[in-house]
């Protein structure tokens, strides 16, 4: 039973690690969602810019429109990069979460196997004791 206690403590540690990995994955997933929303907003701003025909009357108007174009394009490019980084981070966190769950399950299986072996050993000892008692009774009744 000492071994089972030790395994239980290890399982508690692995459970905390799995919980932490899952929390990190959820946070990464939320970051992906936020980055995708930022990207959607940037694209929507771009579409609005393209669809609204601004009146260009001078070179200054044209330069202003060009600055807006470049700024909106930069917003979209930055948003796309953030989405890619967020997806990569989320994938890495998902992998860590999966590994932590597998490791936890490995320890849980170890505990189950240890308990099964202990039960089998206890049953074997009980059978030996029962056989010994039966043999004593048989010898006592024959004498």
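Below are the figures for this structure:
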read-out: Checklist (1) touching a helix residue (DSSP H, G or I) at 6+ places or on another chain (Cβ under 7 Å); (2) modelled with pLDDT under 95; (3) part of a helix (DSSP H, G or I) applied to residue 54, failing item; value: (3)
read-out: Residue match in the range 13-36 (condition: touching a residue at least 40 places away in the same chain (Cβ under 8 Å), assigned to a helix (DSSP H, G or I) and within 30 Å of residue 120 (Cα to Cα)); value: yes
read-out: Failed item in (1) at pLDDT below 95; (2) loosely packed, with under 13 Cβ neighbours inside 10 Å, with residue 46 passing the rest; value: (2)
read-out: Residues of the range 88-109 that turn out to be closer than 17 Å to residue 28 by Cα and surrounded by fewer than 16 Cβ atoms within 10 Å (Cβ to Cβ), as a count; value: 6
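This table checks each residue for (1) more than 21 Å from the chain's Cα centre (by Cα); (2) surrounded by 11 or more Cβ atoms within 10 Å (Cβ to Cβ); (3) part of a helix (DSSP H, G or I); (4) touching a residue at least 60 places away in the same chain (Cβ under 8 Å).
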{"site": "65", "(1), (2), (3), (4)": "yes, yes, yes, no"}
{"site": "70", "(1), (2), (3), (4)": "yes, no, yes, no"}
{"site": "111", "(1), (2), (3), (4)": "yes, yes, yes, yes"}
{"site": "115", "(1), (2), (3), (4)": "yes, yes, yes, yes"}
{"site": "121", "(1), (2), (3), (4)": "yes, no, yes, no"}
{"site": "130", "(1), (2), (3), (4)": "yes, no, yes, no"}
{"site": "133", "(1), (2), (3), (4)": "yes, no, yes, no"}
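The values are calculated or read from the model by the stated rules, or taken from the named source; none is laboratory data. Worth saying up front: this structure is predicted, and the values here are computed from it rather than measured. Every residue, glycine among them, receives a Cβ derived from its backbone with ideal geometry; neighbour counts consider all protein chains shown.
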